[in-house]
Amino acid sequence: RSPGDPATKIAQAGVFAKDGWNDHYISFGTHVGTHVDAPMHMIENGRGLNQIPIEQFTGPGRYIKVDGSFDLETIKQAKIQEGEIVLFDTGMNAKYLEQAYFEDYPVMSEEIANYLVGLKVKMVGFDTCSPDNQDGFPIHKILLG
C-alpha cells in the first residue's frame with residue numbers, strides 16, 4: 001500500500017457455530033494493488049468510476065518502455081492513436097516491495113501529460129506508484145481532467 005493509505009482490515013462477519021456460515025468483512029483503500037483513479041480522486045466534483053461508460057476501459061493498447069525517464073520524443077515515436085490505452089513500463093514493478101518504489105520513481109512531465117490528453121487516449125497506465133511527485137499533483141489533474 002502507498003504511504004498514507006488506510007490499512008487493510010479483515011473482520012469476522014459470520015461464525016459457523018453461531019450463524020451456520022463463516023464470512024468476513026474486508027476493508028482497504030482504493031490504492032491497493034492495481035487500480036484505476038477516477039477523476040473525483042483529484043478533481044473537485046469529478047466523476048466517479050460508476051459515471052464513466054464501460055467502453056472507456058477497453059480498447060487497443062500501446063506499450064511504451066521507459067528507460068530511466070519519460071521522454072516526449074520517444075513517446076511521439078510510438079505513434080499513439082486516438083482511443084488507445086497507453087501503458088508505460090518503467091521497470092519499477094521490480095521494486096514494488098522496496099522503499100524506492102515510493103520515493104525514487106520516474107515521473108511524467110506536464111508536457112507529456114498534455115500531449116497524451118491532446119491525442120485523446122482512453123487511459124494511461126503506469127507501473128509506478130504515481131505519474132507525478134509534485135505538491136498539488138499536476139499530472140494527475142491533467143490526465144484526470
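The values are calculated or read from the model by the stated rules, or taken from the named source; none is laboratory data. Values in this document were obtained by computation on a predicted structure and should not be read as measured data. Positions of Cβ are generated from backbone atoms using ideal geometry, with glycine treated the same way; all protein chains shown enter the neighbour counts. With ligands, DNA and RNA removed, areas are computed over all heavy atoms of the protein, side chains included. Shrake-Rupley method; radii C 1.70, N 1.55, O 1.52, S 1.80 Å.
Using a simple charge model, +1 on the beta-carbon of Lys and Arg, -1 on the beta-carbon of Asp and Glu, nothing else, what dipole does the chain show about its Cα centre, in debye to the nearest 20? Before the final figure, lay out the partial values.
On the way: 12 positive and 20 negative charges, 89 e Å.
Dipole size: approximately 420 debye.
Can you tell me what share of the DSSP beta bridges in the chain is antiparallel? A percent to the nearest 5 is fine. Walk me through the intermediate numbers first.
Details: 5 of 14 bridges.
The antiparallel fraction comes to roughly 35 percent.
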*asked:* Name the residue from Ile43, Ala7, Thr90 whose Cα lies farthest towards the positive end of the charge dipole of region 1-118, charges +1 on Cβ of Lys and Arg and -1 on Cβ of Asp and Glu.
replied: Ala7
*What lysines sit close enough to Lys79 to cross-link, taking a C-alpha to C-alpha distance under 19 Å and skipping anything fewer than 8 places away on the same chain?*
Lys65, Lys120, Lys122
*Under 14 Å from the Cβ of Ala13, count the other residues' Cβ atoms, weight Lys and Arg +1, Asp and Glu -1, and hand me the total.*
0
*Could you work out which residue, out of Asp19, Asp37, Asp67, moves most in a Gaussian network model of the chain, that is, has the largest mean-square fluctuation with Cα springs under 10 Å?*
Asp19
*Taking one equal scatterer on every alpha-carbon of the chain, how large is log10 of I(q)/I(0) by Debye at q = 0.19 1/Å?*
-1.24
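What is the sum of charges around Gln81, taking Lys and Arg as +1, Asp and Glu as -1, for the other residues whose C-beta is under 15 Å from the C-beta of Gln81?
Details: positive: Arg62, Lys76, Lys79, Lys120, Lys122; negative: Glu82, Glu84.
Here the charged neighbours net out to +3.
Within 10 Å of each candidate Cβ there may be at most 14 other Cβ atoms; applying that plus a DSSP loop requirement, which GluC sites (Glu not before Pro) in region 40-145 survive? Kindly include the intermediate steps, with their values, before the conclusion.
Values: sites: Glu44, Glu55, Glu73, Glu82, Glu84, Glu98, Glu103, Glu110, Glu111; in loops: Glu44, Glu82, Glu84, Glu98.
Here the sparse-neighbourhood loop sites are Glu44, Glu82, Glu98.
Quick one: pull the percent of accessible area on the chain belonging to carbon and sulfur, 1.4 Å probe, ligands and nucleic acids left out. Spell out each step's value before the answer.
Numbers: 4970 of 9610 Å².
C and S fraction of accessible area: 52 percent.
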